[in-house]
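Asker: I'd like to ask you about the structure that follows.
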Amino acid sequence: MMRGRALVVLLTALVAIAFVSSTLGRQIYAGQTPGLLSFGVIHFAGYLFFLLMPVEALIPVYQAEGHAGWLLVGLAVGTALLAQAIDYGVGRVFSDRVIDGVIGEKRYESFRARIERWGGWAILLFNLFPLSSPNMLLVAGIVQYSARKAFAFSLLGLLGKYVAIIYVFDAVTWWAGRGS
């Protein structure tokens, strides 16, 4: 069982590295400004439950390259919701025993307890902060939590998080410009 999990982690890491290398890495090595397609692909992949990547860190990188903040927020929220719809759907289709083997019994029970106790507020908080919201949506699908509520809370959390990141980046850039 432990070997299987180690293999899943290794394969996940390889897929994540391949995504980043084939999109963002290629553009950087070529001396080009990273494009929005690479942002969308990496961001989408980061919100799939089996590829946990800190995609929030992409926003300042792409904003520093000259991409508009509002466009990055829209693309980030759109790709995150699309990936979370897949996560939720996988949870609805597969049994908790199958999913338990993928994310682990301890993590599964932790997410399940949060959803059963806090419902949409847990989904909101996991999306508002850089926590494992894809796993939260996966478990929401397993326990058949209302899709409408799950995605409404997810949308609010994602918007709050990404607008805050854009705001902080703009404020830091503005203050750094004043000191020069």
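Asker: Can you pull out the residues in region 120-160 that are part of a loop (DSSP other than H, G, I, E, B) and touching a residue at least 24 places away in the same chain (Cβ under 8 Å)? Break it down into steps so the answer makes sense when it comes.
Answerer: Keep residues of region 120-160 that are part of a loop (DSSP other than H, G, I, E, B), which gives 129-132, 143-146.
If the condition is that a residue be part of a loop (DSSP other than H, G, I, E, B) and touching a residue at least 24 places away in the same chain (Cβ under 8 Å), then Phe129, Pro130, Ser132, Val143, Gln144, Tyr145 are the ones that fit.
Asker: Filter region 40-77 down to the residues that are within 11 Å of the chain's Cα centre (by Cα) and assigned to a loop (DSSP other than H, G, I, E, B) and list them by number.
Answerer: Of everything in region 40-77, those that are within 11 Å of the chain's Cα centre (by Cα) and assigned to a loop (DSSP other than H, G, I, E, B) turn out to be Tyr47, Leu48, Phe49, Phe50, Leu51, Leu52, Met53, Pro54.
Rundown of residues vs (1) modelled with pLDDT of 80 or more; (2) among the basic types (Lys, Arg); (3) out of contact with any Lys or Arg (no Cβ under 7 Å at 6 or more places or on another chain); (4) more than 19 Å from Leu159 (Cα to Cα), yes/no style:
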residue	(1), (2), (3), (4)
Gly40	yes, no, yes, no
Ile59	yes, no, yes, no
Glu65	yes, no, yes, yes
Trp70	yes, no, yes, no
Ile115	no, no, yes, yes
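Asker: Taking region 120-136, which residues are closer than 19 Å to Arg92 by Cα and either of a type in the set (A, V, I, L, M, F, W, C) or modelled with pLDDT of 80 or more (or both)?
Answerer: Across region 120-136, the qualifying residues are Gly120, Ala122, Ile123, Ser133, Pro134, Met136.
Asker: Report the residue count in region 142-165 for those that are modelled with pLDDT of 90 or more, surrounded by fewer than 19 Cβ atoms within 10 Å (Cβ to Cβ) and among the β-branched types (Val, Ile, Thr).
Answerer: Within region 142-165, residues that are modelled with pLDDT of 90 or more, surrounded by fewer than 19 Cβ atoms within 10 Å (Cβ to Cβ) and among the β-branched types (Val, Ile, Thr) number 1.
The values are calculated or read from the model by the stated rules, or taken from the named source; none is laboratory data. Here the structure is a predicted model, which is why all the values come from computation and not from measurement. Glycine gets a Cβ as well: all are built from the backbone with ideal geometry, and neighbour counts include every protein chain shown.
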